[in-house]
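Presented below is the structure to which this report refers.
Every read-out reported here was derived from the displayed coordinates using simple, explicitly stated rules and does not represent laboratory data. Because the structure is predicted, anything quoted here is derived from the model rather than measured. Backbone-built Cβ (ideal geometry, glycine too); neighbour counts: all protein chains shown.
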Amino acid sequence: MLEVFFLFLLMAVLFSFQPFTSSVIMPSEIRVPLLLLFTFFAIIFSIRKKKVFYFLLIGAVAFTVLFYIWIRNSPQSLSDIVYIVVLIIFTFCLYNFLKRAPRLVWILSMFWLLLLVVVSFFAILSFIAFNFQLAPYKETLIGDYMYYYNPILGYIHLKNFETTSWGRACYFMLEPSYLAFFLTTNFFFIDSIPVNPATKFASKLIVFAGALSALSTASWIVFGLIFGISIAYWLIKSLSHNKRITKVIIYSLLIALVIAIIYLPKDKIISMLGTSSYADRENRVTESILVLGSSDINHLLFGSSPAYLEKVFGRGESNQFFKLLVEEGIILTILITVFIVACLKQNFKFMMAVFIFLNSVVILWTPLFCINIVLCRLLTEREKTGSYKTIT
């Protein structure tokens with residue numbers, strides 16, 4: 001019964017914040033206390049562990065210093081600073097809390113799989129219903145963007161091609177890119193969920209179709225790269241019969257691919273894939289580079305403050321890594337990257353998908369992302385010891 005209570009509380013936190021559209025209508029007077037309440041429970045149930053105690057003790061000093069630096073740089077970012085500090089504590093304590101509650105981890109993983117399948121199913125239905133005019137949609141404004149809305153099938157955003165337009169499924173997320181990130185990356189995460197092969201195959205089929213319904217360029221790139229690398233790895237391994245040689249060849253191919261991407265005519269390729277925010281994203285990255293180039297050593301190390309780009313330039317950064325460097329600084333960027341790698345390293349494809357996608361979507365500071373990577377760490381840890389039995 002206690003597990004059900006904590007699951008309900010955790011899901012309330014999840015859906016109260018971005019990237020879900022419910023975050024727009026959920027007042028901060030409700031969602032902030034929900035986040036604080038679960039963080040409080042996570043601390044209480046994990047404080048006895050020495051590493052949690054030391055993290056909170058050292059973290060209190062570190063966060064005080066960061067708070068002082070950030071608030072001095074951007075006084076108007078107070079709420080954003082507090083949110084990020086709380087979310088860091090929430091994530092670390094969530095991992096240690098769930099580690100002591102394997103039954104809750106299992107329930108959460110089943111819920112996560114169900115959420116993926118349900119969201120994918122309705123995204124597919126929405127894509128078909130809108131583009132073939134099978135259901136009514138009405139125009140509605142969310143932020144600065146115009147969407148088409150159906151109370152059951154969610155939101156649709158138009159993507160223009162040279163001769164036609166297609167609706168991109170958002171479901172009940174703020175942008176198609178958020179839906180694409182959630183479904184594309186979790187397509188690979190499903191491999192870590194303890195269910196039988198048949199259930200995994202069926203789920204991945206639905207999630208793959210759901211991800212494609214967002215018509216996201218980043219999704220196509222992620223799927224293309226990871227599937228291509230997987231095929232290349234299999235072919236090279238079958239020819240060389242040596243795992244070390246295979247890895248060396250694959251890493252060499254990846255380096256060559258990165259160099260090729262730098263010199264490819266990206267504008268022409270992107271235009272062939274339909275209208276995209278690529279040009280706008282490039283402009284935002286350029287602004288971030290200029291900020292970094294004009295920053296002193298303190299700003300480079302500790303950042304200018306969370307939400308600094310939004311407050312100063314009136315618009316945010318679309319590349320999560322540049323946003324981290326500008327706003328949270330080099331030190332925190334390195335620590336966060338190391339933490340993500342530590343959580344996802346046992347599921348290499350999921351980790352690769354996440355890192356590729358973070359170049360085009362800002363979703364790091366959300367409960368959705370934090371819960372996702374913590375759950376991956378816990379499931380892959382348990383998979384090694386066989387603590388979770390496959391559900392048949």
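What FRET efficiency would be calculated for the residue pair L78, I44, taking the C-beta separation as r and a Förster radius of 30 Å, to the nearest 0.05?
Once rounded, the FRET efficiency stands at 0.70.
For a bin width of 5 Å, list the pair-distance distribution of the range 99-258 built from all Cα-Cα distances, rounded to whole %.
Result, from short to long distances: 1, 9, 15, 15, 15, 13, 12, 10, 6, 3, 1, 0 percent.
Given labels modelled 7 Å from the Cα in the Cβ direction, how far is it in nm from S230 to A62?
3.5
Show me 310-316, 353-359 ranked by packing, highest mean number of other Cβ atoms within 10 Å first.
353-359, 310-316
Starting from the Cα of K51, step 7 Å along the direction of its Cβ; do the same at A256; then give the gap between the two resulting points in nm.
Distance between the two pseudo-spin positions: 4.0 nm.
Residue by residue through the range 373-378, what is 3J(HN,Hα) from phi via Karplus (6.51 cos²θ - 1.76 cosθ + 1.60, θ = phi - 60°)? Round to whole Hz and write x for glycine and proline.
6, 5, 5, 4, 4, 5
Relative contact order for the chain using alpha-carbon pairs under 8 Å, separation at least 6, rounded to a whole percent?
Averaging sequence separation for qualifying contacts and normalising by length gives 20 percent for the chain.
Any chance you could list the semi-axes, whole Å, largest first, of the equivalent ellipsoid that the Cα gyration tensor gives for the range 108-199, using √(5λ)? List each step's numbers first, then the result.
On the way: eigenvalues 148, 34, 34 Å².
Working through the eigenvalues yields semi-axes of 27, 13, 13 Å.
Let me know the whole percent of all Cα-Cα pairs from the range 153-204 that are separated by more than 16 Å. Mind dumping the intermediate values first?
Numbers: 730 of 1326 pairs.
Percentage above 16 Å: 55.
Based on the alpha carbon coordinates of the range 105-148, what radius of gyration and maximum Cα-Cα distance (Dmax) apply, in Å?
14.8, 41
With θ set to phi - 60°, apply the Karplus curve 6.51 cos²θ - 1.76 cosθ + 1.60 along the range 182-187 and write out the HN-Hα couplings as whole Hz, x wherever there is a Gly or Pro.
Calculated HN-Hα couplings, in order: 4, 7, 5, 5, 6, 4 Hz.
In deg cm²/dmol, rounded to 500, what helix-only [θ] at 222 nm does the chain give when every DSSP H run of at least 4 residues adds -39500 (n - 2.57) and the total is split over its residues?
-23500 deg cm²/dmol
Let me check I have the definition right: for the range 14-94, take the eigenvalues of the Cα gyration tensor, multiply each by 5, take square roots. What are those semi-axes in whole Å, largest first?
Here the semi-axes work out to 23, 20, 8 Å.
Would you mind checking which residues have amide H under 5 Å from I142's amide H? H placed 1.01 Å from N; only 5 or more apart, or other chain.
Close amide H contacts, sequence-distant or interchain: Y147.
For T286 and A209 in one chain, what is 0.36 nm times their gap in residues minus the Cα-Cα distance, to one decimal in nm?
Extra length available between T286 and A209 comes to 24.3 nm.
When the Karplus curve 6.51 cos²θ - 1.76 cosθ + 1.60 is applied with θ = phi - 60°, which whole-Hz ³J(HN,Hα) does each residue of the range 85-96 get, with x for Gly and Pro?
4, 5, 5, 5, 5, 4, 5, 5, 6, 4, 4, 6
Could you tell me what fraction of 2.2 N^0.38 Å the Cα radius of gyration of the chain comes to, as a two-decimal ratio?
Relative to the rule-of-thumb radius for its length, the chain sits at 1.01.
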